[in-house]
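Report on the following structure.
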C-alpha cells in the first residue's frame with residue numbers, strides 16, 4: 001500500500017512533470033476551442049446534417065487506428081520528447097488550414113485537416129502516456145494521472161465555454177489561430193522536460209522486418225497475448241468507446257433542443273461534461289484509494305454512473321437537469337479513463353508501454369468512430385428522436401460495466417499479483433541502473449586520473465619522448 005501524494009506537492013517537487021503538465025494544459029485548452037469552432041463550421045455548412053457531423057468524429061478517431069502500430073513502435077524507439085515537440089509544431093501549421101474553408105463544397109477539406117491533425121495526435125498520445133511513468137515515482141503516478149485527466153476535463157469545460165463564446169462573438173477564425181498558438185507554446189514548454197532515454201535493447205540483425213518495425217509490432221502483440229491481464233485492461237476504454245456516439249448527440253442537443261442553442265448551447269453542454277470529468281477522478285481516488293483492488297472496483301461503479309446518468313440525460317426536461325446528469329455521467333467516464341490508464345502503466349514494462357498504449361488508443365477510437373457513424377445515420381433517419389438514441393447509448397455503457405464486474409471473479413487475483421511482480425521487477429531494474437551508473441562514474445574517474453598521470457609524465461619529456469637532458473645533448477652535437 002503506497003501513501004498518497006498531494007497535487008501541490010507533486011507539482012512543487014517534480015520539475016519535469018510540472019512542465020509536461022503545463023504543456024498539456026495549454027494544448028488541451030486550444031484543442032477544445034478548436035473543436036467547438038469545427039463543429040459550428042460543419043453544422044453551418046451542412047445545414048445541421050447529423051451524417052456530416054459524424055464524419056468529423058470519424059476523421060478524429062480513425063487516424064489512431066490507422067497509425068497505432070507505427071506510433072507504438074516509434075514511441076518505443078525514438079526519444080519521446082522529440083516526438084511530442086514535433087507533433088505540436090506540425091499541428092500548429094495544420095490547424096491554420098481551417099481558415100481556408102469558406103463554402104459547403106469544401107467540407108472535404110475540414111475532414112482532411114481534422115484527420116491530419118489527429119494523425120499527429122495518434123503519435124503524441126502513446127508517447128506521452130509511455131513517458132509519464134518515467135518522470136514520476138510509483139507514489140506519484142496515480143496523482144499525476146488524476147491531475148492529467150482533470151486537466152483535460154477542466155480545459156474541456158473552459159475551452160468549450162470559450163470556444164462557444166469566441167465562435168459566437170469574434171468568429172471561428174480567432175478560435176483556429178488561438179489553437180495554433182497553444183501548440184507552439186506547448187512545444188516551447190516541452191523543451192524543458194527531461195524524459196529518460198529508452199533502456200538499452202539487445203542488438204538484432206538488420207532486416208526489412210526490423211527496419212519497418214514489423215518485428216517490434218509482432219513483439220508487442222506477443223507480449224499482450226502472453227499477458228491476459230494486460231489484454232483485459234485494454235478492453236476498458238474499448239467498452240467506453242461503444243457509447244461514443246453521445247459526443248455527437250451533445251452537439252445536436254446543444255444546437256437544437258436546449259436553450260440558448262447554437263455554439264453557445266453546445267459549449268454549455270461540453271462544459272458540463274468537462275466539469276464532471278474534472279472532479280470524478282479526485283473523488284474516486286479519495287474514496288477508493290490507490291490500490292489496484294480499489295481502482296478495479298471503482299471502474300465498475302464508473303461504468304454504472306456513465307450509463308445510468310446518460311439515460312437520465314435523455315429524459316431531462318430542461319437545461320439544468322441535463323447539466324447535472326452530464327456532470328454525474330462524466331464523473332464516471334473520467335474515473336474509468338484515469339484508473340484504467342494507471343493500472344496499465346503499473347502493469348506494463350517501460351519497453352512495451354508505447355506499443356500497448358497505441359493499441360489501446362486504436363481500440364477505443366475504432367469503437368468511438370463506429371458508434372459516432374451509427375449515431376449520425378440514426379439521427380438522419382426520418383422521425384429520428386435524439387432522446388431515444390441517447391437512452392440507447394446510455395444502456396450500451398452498462399454492458400461493459402457488467403462484463404468487467406463478472407470478470408473480477410476470475411481476474412482480480414491475477415491482476416494484483418501481476419502488478420506486484422511488475423513493481424518488484426521495476427525496483428530491481430532501478431537498482432541495477434543505479435549500480436551501472438555508479439560503476440560507469442567510477443570508471444570515468446579512473447580514466448580521468450590515468451589521463452592526468454600520463455599528461456604529467458609527457459610534460460617531463462622532450463622531442464620524440466626523449467628526456468630533456470638528451471634533447472639538450474642532441475642540440476650541442
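Read-outs: derived from the displayed coordinates by stated rules, not from any lab. Predicted model only: the values in this text are computed from it and were never measured. All Cβ positions, even for glycine, are placed from backbone atoms using ideal geometry, and neighbour counts span all protein chains on display.
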In nm, the gap between the two label points placed 7 Å beyond Cα toward Cβ at residue 221 and residue 105 is 4.4 nm
Highest mean packing first, using Cβ neighbours within 10 angstrom, the peptides 59-71, 322-334 sort as 322-334, 59-71
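By its C-alpha gyration tensor, with a ≥ b ≥ c as the square roots of the eigenvalues, how is region 42-117 shaped: rounded for a/c under 1.5, else prolate for a/b larger than b/c, else oblate? Write out the running numbers ahead of the final one.
Working: a/c = 4.15, a/b = 1.94, b/c = 2.14.
Oblate, because a/c is 1.5 or more while a/b does not exceed b/c.
Need one word for region 307-386: rounded, prolate or oblate. Basis is the Cα gyration tensor (sqrt eigenvalues a ≥ b ≥ c); a/c below 1.5 gives rounded, then a/b vs b/c decides.
Oblate, since a/c reaches 1.5 and b/c is not below a/b.
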Nearest-0.05 FRET efficiency for residue 70 and residue 317 at R0 = 51 Å, using Cβ-Cβ distance, is 0.60
Scoring region 88-175 by relative contact order with C-alpha pairs under 8 Å, at least six apart, yields a percentage of 21 percent
Given 115-124, 239-248, the highest-first ranking by average Cβ count within 10 Å works out to 239-248, 115-124
Expected sort for 159-165, 229-235, 80-86 on mean C-beta neighbours within 10 Å, highest first, is 159-165, 80-86, 229-235
Taking 0.36 nm per residue of separation between residue 412 and residue 351 and subtracting their Cα-Cα distance, the length gained on full extension comes to 19.5 nm
Expressed in nanometres to one decimal, the distance between label points 7 Å along Cα→Cβ at residue 377 and residue 169 is 4.2 nm
The whole-number value in µm²/s of the Stokes-Einstein translational diffusion coefficient for region 55-164, with Rh from the Kirkwood sum over alpha carbon pairs at 37 °C and 0.692 mPa s, is 210 µm²/s
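If a/c stays under 1.5 just call it rounded; otherwise compare a/b with b/c (prolate if a/b is bigger, oblate if not). Do that for region 226-318, with a ≥ b ≥ c from the square roots of the Cα gyration tensor eigenvalues. Before the final figure, lay out the partial values.
On the way: a/c = 2.75, a/b = 1.95, b/c = 1.41.
Since a/c reaches 1.5 and a/b is larger than b/c, the shape of region 226-318 is classed as prolate.
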